[in-house]
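Heads up: the structure comes next, in structure tokens.
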Amino acid sequence: MNKGLLIVLSGPSGSGKGTINQVIAEDPNVFLSVSATTRSPREGEQHGQHYYFITREEFEDRLKQDGMLEYNEYCGNYYGTPKKEMQQRLENGNDVILEIDVNGALNVMERVDDVVSIFIMPPSLEVLEDRLRGRGTESEEVIRQRMNEAITEIGKADQYDYIVVNDKLDDAISEVRAILSAEKHKITRMREFVKGVLNYGNE
Ligand code: 5GP
């Protein structure tokens, strides 16, 4: 069992998962994993902060060396979760959040036993559509695509451990924090502590 919690957090575009993650990751004990990708950086994106931008060859080398926990090919580019940094953080006792799409999350859940999965839901499809429109940056066609994508993703939400409805951001953040706190108090995580207390008198 890892010392820290490995958390996968997903949700459709417009669910507010990015904002929730940013706030949760303000805790110095929490590390937001940085994915590797072969796509080019967008304006303002920094190597090592938003993504590790690497070449296809480098990505394929890392795959051969078993350096990715999971990966996906999306619109002709690879995206993946580097293993080493995540493992080091977990061993140091940090909690690690992977903000990845539903397919990536399901792959992680298959491969890792000790993972906490959280799906961030909008309160309704109407609210989601309003939020996507409110950004004012997306065309009608992109909004349609994202809504369809959202419906497919929400259809897989029952494979997650927890559902958090992001109606009010502050409440959703408190709920994610409560889940992480409860997970840390499970007997599977506290057993060593309990044993330690009992052993004290026998030394
Ligand atoms: P974008 O190019 O817009 O930054 O990301 C495209 C898609 O790749 C998004 O759905 C995003 O969630 C997904 N993605 C980003 N990082 C990873 C990763 O490490 N693994 C997987 N499976 N998907 C990722």
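Okay, here's what the table says:
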read-out: ³J(HN,Hα) computed for each position of the stretch 148-164 - Karplus, 6.51 cos²θ - 1.76 cosθ + 1.60, integer Hz, glycine/proline x; value: 4, 4, 4, 5, 4, 5, 4, x, 9, 4, 6, 8, 8, 6, 9, 10, 10
read-out: Translational D in µm²/s for the chain (Stokes-Einstein at 4 °C, 1.567 mPa s, Kirkwood Rh from C-alpha pairs); value: 70 µm²/s
read-out: Fewest-first ranking of R191, R131, using other Cβ atoms within 10 Å as the exposure measure; value: R191, R131
read-out: Neighbour-count order for M109, M86, fewest beta carbons within 10 angstrom listed first; value: M109, M86
read-out: Count of lysine pairs in the stretch 1-159 with Cα separation under 21 Å (8 or more residues apart, or interchain); value: 5
read-out: The stretch 1-76: translational diffusion in µm²/s, Stokes-Einstein, Kirkwood Rh over Cα pairs, 20 °C, 1.002 mPa s; value: 147 µm²/s
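Where a number appears in this text, it was derived from the coordinates with a stated rule and is not lab data. Just so it is clear, the structure is predicted and the values come from calculations on it, not from any experiment. Glycine also receives a Cβ, built like all others from the backbone with ideal geometry; neighbour counts cover every protein chain displayed.
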